[in-house]
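Each remark here refers to the structure printed beneath this line.
Computed from the coordinates by the stated procedures, all read-outs in this text should not be read as laboratory data. The structure presented is a predicted model; accordingly, all values stated were derived computationally and were not measured. Backbone-built Cβ (ideal geometry, glycine too); neighbour counts: all protein chains shown.
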Amino acid sequence: MNQQIVASLLEAAESRHSVRNFLPDALSDETLNELDDFIKELEVPFAHHTQIKRFKAEPGKKLYNNGINSPDNIAILAQTDLISVSKAGFCGQLIMLKLTSMGVRTCWFGHYKLQELAKYVGKDLAAKERIQETTWGLGYGYGNVVDAGERAICCIACGYANPEARRLVDKVASRNGIGRKPLEALMENPSDLSILPETVIRALNKARLAPSAANSQMWRFGIRDNGKTITAAKPIGYKHFKWEHPDADIGICAAHLWLALLNEGYFVQVEMKQDADRRLL
């Protein structure tokens, strides 16, 4: 990836925070064209089949669980095996950082109204014979049904923040780093930090700023091969209390780590593999 793009995305990673209430103003054609070009030429360090579908949502329709639609949105679609889900998170986060670098505010949504989303990205998403719509009877997400086909793993709401509708949690989140676990708490073995050069520690600190469902920060970094290999994975057996795809969050964190290592001048090879019930990067 071009070094200028890497630096721009990494700068966005340090400043970005979620916004859940948007103004009704749609993104400009110029912004959308630049975004489409970025998506078309998206460069990631692995082969993948993630689909990225940009769409306009009708105002006033309850697509997300806060009941407020952003005018512009992106659906990230993939198969539901752990590796595909992780790759979807990785790709989606690069797009989110691109939006941030252009002055667009964003929010990840893992739960949404299936039948509403299906109007925009494909009616088969909501077919009752292939998927159950909800865990809690609220109409969002798809519950605990294992779906062998492709589905929208999550969506990105994007637009301009409504400054008069900020919740307390959004105000707190605007202070970058608030509520973040220290790097030592995110290491499989904290003593491994002593063998790492400062450049790698800086990269790991950038990775820990990645967003995660309910700010759970479930990723753990492992050091292998005398510091030549870094793994990022959720703990074996980890279950989020409501989010079906925590491995998407691991992919999001890995995107930050990849950018940060590239920015430090490293040649980075990325391999994804399954380890028990988790994806190991």
Exercise for the section: Over 26 Å between C-alpha atoms is what I'm after, so list which of Lys56/Lys123; Lys239/Lys273; Lys62/Lys206; Lys98/Lys239 land there. Expected result: Lys62/Lys206; Lys98/Lys239
Exercise for the section: For region 37-82, just say rounded, prolate or oblate: build the C-alpha gyration tensor, square-root its eigenvalues into a ≥ b ≥ c, call rounded for a/c under 1.5, and beyond that prolate if a/b exceeds b/c, oblate if not. Expected result: oblate
Fill in the blank from the handout: Packing-ranked peptide list from 104-115, 210-221, 79-90, 46-57, highest mean Cβ count within 10 angstrom first, is 79-90, 104-115, 210-221, 46-57
Handout entry: Residue-by-residue Karplus 3J(HN,Hα) for region 113-124, coefficients 6.51, -1.76, 1.60, Hz, glycine and proline x
Key = 7, 4, 5, 6, 4, 4, 5, 9, 10, x, 5, 5
Problem - Amide N proximity, region 237-266 versus Met1 label position 7 Å along Cα-to-Cβ, cut-off under 19 Å - result: 248-266
Practice task
Work through the residues other than Ala210 whose Cβ is under 14 Å from its Cβ and net out their charges, Lys, Arg +1 and Asp, Glu -1.
Solution key: +4
Completion exercise
The answer for the net charge of residues other than Glu58 whose Cβ lies under 13 angstrom from its Cβ, with Lys and Arg +1 and Asp and Glu -1, is +3
Exercise for the section: List the residues whose amide H sits under 5 Å from the amide H of Asp81, counting only those 5 or more places along or on another chain, with H placed 1.01 Å from N in the peptide plane. Expected result: none
Handout entry: Cα centroid separation, region 1-76 to region 192-267 (Å)
Key = 22
